[in-house]
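Please read the structure below before turning to the comments.
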Amino acid sequence: MQGHGYSFRCLSGTLAVMNPHLAEKFELVDLPHGFYDNPYPTYRALRESSPVHRFADGGIFLSRYADVIAVYKDVRRFSSDKTREFSPKFGSGPLYQHHTTSLVFNDPPRHTRVRRLLIGALSPKAIDLMQPALVAWVDTLLDALAAREEVDLIEHFAAAIPIEVIGNLLAVPMAERGPLREWSLAILSALEPALDKASMDRGNEAVLEFSAYLRTLIARRRATPGDAANDVLTRLIFDVDQVTGEPLSEAELLHNCIFLLNAGHETTTNLIGNALVVLDEWRGERERLLGGDHIRTAVEEVLRFESSNQLGNRITTEEVEIGGVTIGAGVPIHLGIGAANRDPEQFDDPERFDVTREPNRHLAFGSGIHQCAGMNLARLEGRIALQRFWERFPNYRLTGTPSRNRRARFRGFAHIRARLS
């Protein structure tokens, strides 16, 4: 395998000898040294020696593909509702109100009603209409990159793309987009397994500030609606569910607009950043990509190999059996997406990055009724951003070790310094 010495890469060597002690001591709230750089030795140890791993607090971590996808598919026995689980973590404050109202942490029928409205706003036709503006924005960013001697591929490129896309979806005026990324990062950081007071305070403040801004934006849009064909906020304000005849409540509208930004921003930023780093490491695969029409399979392989979202969560509604282990009702289940996406029972040679890998049934977008509503938009952003970047700067190279965001749930980089020629 190829390598430049980064600790989170060259994984065949690091995984050649499995260390069962990594599994024995594994706790999400007390992660082992080096986990943020390279969690995959720990994931392998879990799959092989503790696939249904019980934490000290009684929660369960699943690392095998078959177990994770079985939980995703069984919405009756594994609930996404977090009203009970998040109460001791967040109290009754703004973070609790947000995360228990947004689409991702709810069960049917509420989840079904809200998802139908969001899916309508993210239809294939609506996504197709976004493509020309997305291409133009990516090209603008690439022109700006070309003028710099050294760039930060996160700040100057990867993070700027989804903010533009979500800003356009909600028709947020350009002059008002400045705080969006920081709000998103603060709110999502509060979902980390270990949460300190400073992160809690920043997250609560971000929910309040973002909600206040959205109320103003919504009031403007109610007074002067946009074109519902390409203005998602207008659509969400005025559409009613075709089955129930109900519109979104004010709380649902506010918190699902926040959810759209959060879901669409962080994971897509990570997808683009992770791809640029992985292909600096895997030079042979980079040459294959540049020499052929493999952009679609390459994006899927990045999503598998370095999943932007590494963790999912459910809670049992009754006594269940997983992998031969009996688990009681009311037990939190942590879904190891990053671990499942490297399970050799599902993927041949899973530690190898292969831009032509097919089939590739990764779980980066989840599965079942909670599969990411914006996954096709994320794929479009990734394909356009990466294809045009590689065509413009095929000889880019990293300068120094990229800086991780040091989060267990959302895997990506805070900074990636590079030269483009």
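The values are calculated or read from the model by the stated rules, or taken from the named source; none is laboratory data. Bear in mind that the values here come from a model prediction, so they are computed numbers and not experimental data. Positions of Cβ are backbone-derived with ideal geometry, glycine not excepted, and every protein chain shown enters the neighbour counts. Just the protein is used for accessible areas: all its heavy atoms, side chains included, with ligands, DNA and RNA removed. Shrake-Rupley method; radii C 1.70, N 1.55, O 1.52, S 1.80 Å.
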Ratio to report: Rg/Rh of region 131-196, with Cα atoms as the point set and Rh obtained by the Kirkwood method; give two decimals. 1.05
Judged on accessible area alone, 1.4 Å probe, highest first, T42, T326 line up as T326, T42
Looking at region 196-252, I'd like the Rg to Rh ratio, where Rg is from alpha-carbon atoms and Rh is Kirkwood's inverse mean 1/r. 1.12
Fraction in percent of alpha-carbon pairs per bin - 5 Å, region 223-360: 2, 8, 12, 13, 12, 11, 13, 13, 10, 5, 1, 0
With label points built 7 Å along Cα→Cβ from the Cα atoms of A146 and T399, find their separation and express it in nm. 1.9 nm
If you take the charge dipole of region 196-254 about its Cα centre, with +1 on Lys and Arg Cβ and -1 on Asp and Glu Cβ, which of F238, V207, L217 is farthest toward its positive end? L217
Just how much of D30 is accessible, in Å², when a 1.4 Å probe is used and the result is rounded to the nearest 10? 110 Å²
Qualifying lysines (Cα of each under 29 Å from Cα of K89; at least 8 residues distant if same chain): K25, K73, K197
Heavy-atom accessible area of F86 with all protein chains present, probe 1.4 Å, nearest 10 Å²? 20 Å²
Residue (of T268, H294, T316) at the positive-pole extreme of region 248-326, dipole from beta-carbon charges: H294
Per residue, how many Å² of accessible area does the chain show with a 1.4 Å probe? 41 Å²
Can you grab the distance from the C-alpha centre of region 80-101 to the C-alpha centre of region 108-148, Å, no decimals? 28 Å
With an 8 Å cut-off on Cα pairs and a minimum separation of 6 or more residues, tell me the relative contact order of the chain in percent. 25 percent
Residue-by-residue Karplus 3J(HN,Hα) for region 400-416, coefficients 6.51, -1.76, 1.60, Hz, glycine and proline x: x, 7, x, 9, 5, 7, 6, 10, 7, 7, 10, 8, x, 10, 7, 8, 9
Could you order K89, K73 by accessible surface area, starting with the largest, using a probe radius of 1.4 Å? K73, K89
So what's region 96-143 giving for Cα Rg divided by 2.2 N^0.38 Å, two decimals? 1.66
Using a 1.4 Å probe over the heavy atoms of the protein chains, calculate the carbon and sulfur portion of the accessible area of the chain as a whole percent. 51 percent
Roughly speaking, what % of Cα-Cα pairs in region 79-177 are separated by over 21 Å, rounded to a whole number? 56 percent
Grab the DSSP H runs of the chain that are 4 residues or longer, score each as -39,500 (n - 2.57), total them, divide by all residues and round the 222 nm result to the nearest 500 deg cm²/dmol. -15000 deg cm²/dmol
Multiply the residue separation of K197 and E24 by 0.36 nm, subtract the distance between their alpha-carbon atoms, and state the gained length in nm to one decimal. 59.4 nm
Please report, to one decimal in angstroms, the Kirkwood hydrodynamic radius of the chain built from all distinct Cα-Cα pairs. 22.2 Å
Which value in Å is the Kirkwood Rh of region 308-399 over different Cα pairs? 16.4 Å
Rounded to the nearest Å, what's the spacing between the alpha carbon centres of region 247-262 and region 311-354? Just the number, please. 29 Å
Span from the region 156-213 Cα centroid across to the region 384-421 one, whole angstrom: 21 Å
Would you list S102, S87 from the most to the least accessible area, probe 1.4 Å? S87, S102
